[in-house]
Amino acid sequence: MEKETRKVSRLGNSLGVGIPKSMVDALNIRRGDELEFELKENALVIKRKKKLEDQLEPEFLRMIQETMKEHDELFKRLK
């Protein structure tokens, strides 16, 4: 991946940097995603935080969805 340069800007009381589109695409970053920041060997490492659904098997997610749908009324009454 190529290096790209961006200027640091003020965003309210914080500082911000725009993420280059090529890197947004490579990391599959979407609005609302969470990013993890880590200092490692005097460098800033940024990773897209994995969502729970990214870490589960599709079959397991399907089973949960079916169970929720099948027992929807019961779950509502548990509130």
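Tabulated results
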| quantity | calculated |
| --- | --- |
| Test: Asp25 is assigned to a loop (DSSP other than H, G, I, E, B) and acidic (Asp, Glu) | no |
| Counted residues, the stretch 35-58 - those being in a loop (DSSP other than H, G, I, E, B) and at pLDDT 90 or above | 2 |
| From Ser9, Ser22, residue being open to solvent by less than 80 Å² (accessible area, probe 1.4 Å) and modelled with pLDDT of 95 or more | Ser9 |
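The values are calculated or read from the model by the stated rules, or taken from the named source; none is laboratory data. Everything numeric here is computed off the predicted structure, so don't read it as measured data. These area figures cover heavy atoms from the full protein model, side chains too; ligands, DNA and RNA do not enter into them. Shrake-Rupley method; radii C 1.70, N 1.55, O 1.52, S 1.80 Å.
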